[in-house]
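Notes follow the structure.
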Amino acid sequence: MTHAENFRQQLVESLRRELVGPPWPVTPAIGADELGKAPTADEVLSESPVQRYSAGVLFPARQAIQEIDDVGSQLEEAGVASGKPEIFPDEREEGPDLAERRGGADAIADAYDETVRLANEFLPAAIGISFIATLPNKGFVVCPRAAVYSSRPAKDAKAKLREWQRSVLNIKPVVLRISPDKEEGLETFDLADSLKLRTIYHRREGGRFLVTISMLNTRIATKDSFPSGADCFFQAEFDITAPNGERVFHEYSATTRSLSDPEEATLELLYRNRTAFAVGHGCAADWGEVQQGMTDRVSTSAIPAFKVAPVLPRYGNGEEHSMYVLSGAEGGVQAEKIPEILDAIPMQYECWINDLRVRIPSLPARLQSAAEANLGRCTECLSRIRSGIQLLRTDERILEAFMFANRAILMQQYHSRRARRAFQSDWEELPTSYEPRTPQFGRWHTFQIAFILMNLPSISRLEKGDHPERTLVDLIWFPTGGGKTEAYLGLAACDIFMRRLSNPKNAGCAVLMRYTLRLLTAQQFQRSSSMVCACELLRRRRPERLVQVPSSIGLW
C-alpha cells in the first residue's frame with residue numbers, strides 16, 4: 001500500500017469514527033453452527049450520543065411497526081398462485097395506509113413498504129439491503145451488530161454532569177433458511193429488546209431469490225420531542241454470508257427498473273459495465289471480492305466508500321490545441337489559416353461519434369434508444385462547433401477577438417507559473433516572446449477549445465436581438481484540476497475583446513462570476529485577475545482597437 005493509499009484509508013476510517021462511532025473488528029465469514037458472541041468495546045461520552053453521531057443510528061419509529069406472524073399460512077389461505085407477478089424493491093411505491101391491508105401476499109408488500117418508509121424517514125428507524133442469490137444448502141448467515149448507550153452520573157460529582165456509557169449488544173448470528181419450494185415469504189427475528197430483523201423474499205427465475213433484510217428499532221418515539229440516546233441503537237450494521245464462504249450472491253440486475261425516464265436511461269447506459277450486488281435502504285450496500293460474476297458477502301455500510309478512477313482530459317498534439325498558434329504565433333501564422341487549423345477538432349469528434357454509432361446494435365435493446373439520444377446530443381454539439389469555426393471564417397472581428405483571447409490565456413498561464421515576487425523585489429522585465437518552451441505548455445485540452453468554439457455564435461450577436469443559442473446553458477462537468485477554469489476564462493476573454501472591438505464605448509461589465517465558498521472565491525479571483533491583467537496589457541499595446549478604458553476586475 002502506497003503512502004497516498006494508506007493516508008486515504010486512515011482518512012476514511014477517521015471519518016467513520018467521527019460520524020458512526022467505534023469500528024467493529026473485522027471478522028471472517030462464519031458457518032451456520034458457529035454462533036459466536038458479538039465483540040465488545042467500551043466508550044464513555046460526555047455528551048448524548050445522538051448529538052455525537054449522525055450515521056448508523058436507528059431512531060425510534062414515529063408509529064407502531066406492523067407485526068405480521070405466520071405469513072406462510074396466510075399465503076395458503078389467500079390462494080397465492082405460483083405465477084403471481086414478482087415484486088421488485090425498485091419498482092414498488094408506497095401505497096395506502098398499512099393498517100388497511102392485511103393478510104396473505106398483501107402482508108409481504110406492506111412489510112416491504114414499511115421497511116422502505118422507516119429507512120427513508122428523517123430519523124430512520126430501519127436500515128436494510130436487497131440482493132439476489134442462489135439459496136445455500138445451510139441457509140444464509142446474518143450477523144447483526146449494534147450498541148446502546150446508557151446515561152449515568154459523571155465520575156466528577158462536582159461537575160453535576162452526566163456521561164454516556166456504551167454497551168455492545170450480544171447478538172447471535174441469525175440463520176435464514178428459505179425453502180426452495182416457496183414462492184415468497186416473510187420472517188421476523190428478535191435480536192434484542194426492541195430490535196428486530198425482518199426478511200422478505202421472492203422467487204425469481206432460474207431458482208434465484210430476491211431477498212430484502214432489514215434491522216428495525218421497534219420503540220415508539222414520543223411525539224414532538226427529539227429522541228434521547230437511550231431510545232436508539234448505534235453503530236447498527238449487518239452482513240450476510242453463506243456457510244463455508246460459498247459465492248451465492250448474483251449481480252443485482254437493474255433490468256426490472258423502468259427506463260422511461262431519460263435520465264435513468266442515460267445513467268443505466270453509462271454504468272452498464274459497473275456491477276452491483278446489492279442495493280441499500282437507508283444506507284449503502286457493500287460486498288466482498290467478486291469472482292466469475294458472483295460474490296461471497298453482502299453488507300450494509302453507513303459511510304459508503306468507493307475508489308473513483310481519475311478522469312483525464314484528452315490531450316492533443318496538433319496545432320489546433322496550441323494557444324500560441326491560435327493567437328497568430330506572433331505573426332508566424334496568418335489569421336485566415338486559423339479556421340482551417342481548427343477544422344481538425346470537429347473532424348476528430350465526428351469520427352469518434354461514428355465509431356460509437358456503429359457499436360449501438362451490440363448494446364442491449366433497452367439501452368439502444370438512450371445511446372441514440374446521447375449521440376444525437378453529440379451531433380448537435382458537433383454542429384455548434386462547426387458553426388463557431390465558420391463564424392471565425394466569415395467575421396474578422398470575431399476572429400481577432402479569438403486570437404486576442406488565446407494570447408491572453410497563454411500569458412496568464414505563463415505568469416501563473418513564475419516564482420512569486422517579494423514585495424520589496426524589483427520588477428522583472430516582461431518576456432519579449434511567449435513561445436512555448438515545453439510540449440505541454442500553452443495547449444488547450446480538447447474539451448476546452450471545443451467549449452469556446454461552441455459558444456462563439458451565442459456571444460457574436462450576428463442577428464438583431466439575442467442569438468437563439470443564448471437560451472442554452474452549457475455545463476462543464478469535470479473533476480477538480482481538469483481545466484474547467486481555463487475553459488470559461490477563455491470564453492470570457494473572447495467576450496471581453498469582442499465587445500471592445502464591436503463598440504468603442506462598450507467597456508462596461510462583461511462577465512459575472514459567482515462562487516459558493518469563500519476560499520474558492522478568493523482562489524478563482526486570483527486566477528481571473530491574472531487573465532484580466534493579460535487583457536489589460538494587450539489593450540495598452542493596441543489602445544486604438546481595444547478602447548481607452550482599462551480592463552478591470554472587482555470582488556463583491
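Quick look at the numbers
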| quantity | calculated |
| --- | --- |
| Simple Cβ-charge dipole of segment 334-474, Lys/Arg +1 and Asp/Glu -1, about Cα centre, in debye nearest 20 | 420 debye |
| Solvent accessible area, Å² - THR438, 1.4 Å probe, full protein context | 80 Å² |
| Cα→Cβ-extended label distance, 7 Å offset, between LEU555 and SER529, nm | 0.6 nm |
| Between helix 446-460 and the chain: long-axis angle, C-alpha atoms, 0 to 90°, nearest 10 | 60 degrees |
| Over segment 415-556: Kirkwood hydrodynamic radius from C-alpha pairwise inverse distances, Å | 17.4 Å |
| Cβ-placed point charges (K, R +1; D, E -1), dipole of the chain about Cα centre in debye, nearest 20 | 2500 debye |
| At R0 = 51 Å, FRET efficiency that the Cβ-Cβ distance of VAL290 and GLN51 yields, to 0.05 | 0.85 |
| Label selected from (1) 28.3; (2) 36.8; (3) 30.8, the criterion being mean projected area of the Cα convex hull in nm² as computed here | (2) |
| Probe 1.4 Å - accessible area at ARG539, Å² to nearest ten | 20 Å² |
| Filter on LYS337/LYS484; LYS138/LYS196; LYS138/LYS307 - keep pairs with C-alpha separation over 29 Å | LYS138/LYS307 |
| Computed accessible area, LYS172, all protein chains, 1.4 angstrom probe, square angstrom | 130 Å² |
| Tilt relative to the chain, helix 3-19 - C-alpha long axis, 0 to 90 degrees, to 10 | 50 degrees |
| Heavy-atom accessible area ranking, 1.4 Å probe, most first, across VAL175, VAL358, VAL141 | VAL358, VAL175, VAL141 |
| Stretchable slack from ARG272 to SER369, in nm (0.36 nm times residue separation minus alpha-carbon distance) | 33.5 nm |
| 3J(HN,Hα) from dihedral phi, segment 48-62, Karplus parametrisation 6.51/-1.76/1.60, rounded to Hz, x for glycine, proline | 4, x, 6, 8, 7, 10, 10, 9, x, 10, 9, 7, x, 6, 7 |
| Extended-chain gain in nm, criterion 0.36 nm per residue less alpha-carbon gap, ARG62 and SER253 | 65.5 nm |
| Net charge of neighbours whose Cβ lies under 14 Å from the Cβ of ARG393, counting Lys and Arg as +1 and Asp and Glu as -1 | -3 |
| Residue-averaged 222 nm ellipticity for the chain, from DSSP H runs of 4+ at -39500 (n - 2.57), nearest 500 | -11000 deg cm²/dmol |
| Which of ASN273, GLY207, PRO243, positive extreme of dipole for segment 205-360 (C-beta unit charges) | PRO243 |
| Inter-label distance, nm, simple model (7 Å from Cα along the C-beta direction), THR394/THR2 | 5.0 nm |
| Hydrodynamic radius (Kirkwood) for segment 472-518, which is based on Cα pairs only, to one decimal in Å | 12.7 Å |
| Principal-axis tilt of helix 484-502 within the chain, Cα atoms, nearest 10 degrees | 30 degrees |
| Whether segment 276-435 is rounded, prolate or oblate, judged on the alpha carbon gyration tensor where a/c under 1.5 counts as rounded | oblate |
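The values are calculated or read from the model by the stated rules, or taken from the named source; none is laboratory data. As the structure is a prediction and not an experimental result, all values here were calculated from the model. For neighbour counting, all protein chains shown are included, and Cβ atoms are generated from backbone atoms with ideal geometry for every residue, glycine included. For accessibility, only protein heavy atoms count, side chains too; no ligands or nucleic acids. Shrake-Rupley method; radii C 1.70, N 1.55, O 1.52, S 1.80 Å.
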